[in-house]
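This report refers to the structure that appears directly beneath it.
Coordinate-derived values only; no laboratory data. In this text, all values refer to a predicted model and were calculated from it rather than measured experimentally. Note that we place each Cβ from the backbone using ideal geometry, even for glycine, and neighbour counts take in every protein chain shown.
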Amino acid sequence: MKASEKVYWIKAMLGLVTGGICFYAQSIGMQGQLAFMIGVTLFIAYSEALAILIKVDRNRTLKIAMGAFLFLWILTWTLLNTMGINGWI
């Protein structure tokens, strides 16, 4: 597996995790804007960490899987929030 493929799949899975973190942050009383800023900060931190760990160019690491991360992050956050509002979790 190429280094860029590893970065892609790791960031896709981290998108799911970030959605859960943002949901939890919002459920303990944090405003939605701050939870969103946490997600953006985590995306940048993940990209920097993966650039160092997998030894891929920093600028390239930011661009790899940006769409997948964003989609999975917002999808997970919205799904958990909807389930939380309806009392399913």
- Query: Based solely on its DSSP helices, what 222 nm [θ] is calculated for the chain when runs of n ≥ 4 H residues each add -39,500 (n - 2.57) and the sum is averaged over all residues, nearest 500 deg cm²/dmol?
  - Reply: -28500 deg cm²/dmol
- Query: Relative contact order (percent) for the chain, with alpha-carbon contacts under 8 angstrom and 6 or more residues of separation?
  - Reply: 46 percent
- Query: Name the chymotrypsin sites (Phe, Trp or Tyr not before Pro) in segment 21-89 that are in a loop by DSSP and that have at most 14 other C-beta atoms within 10 Å, would you?
  - Reply: Trp88
- Message: Please identify the DSSP H helices in the chain that span no less than 15 Å along the helix axis (Cα) and have a mean Kyte-Doolittle hydropathy of 1.6 or more.
- Response: 32-54
- Each label point is 7 Å from the Cα along the Cα-to-Cβ direction; what then is the distance between the points at Ile28 and Ala45, in nm? 1.3 nm
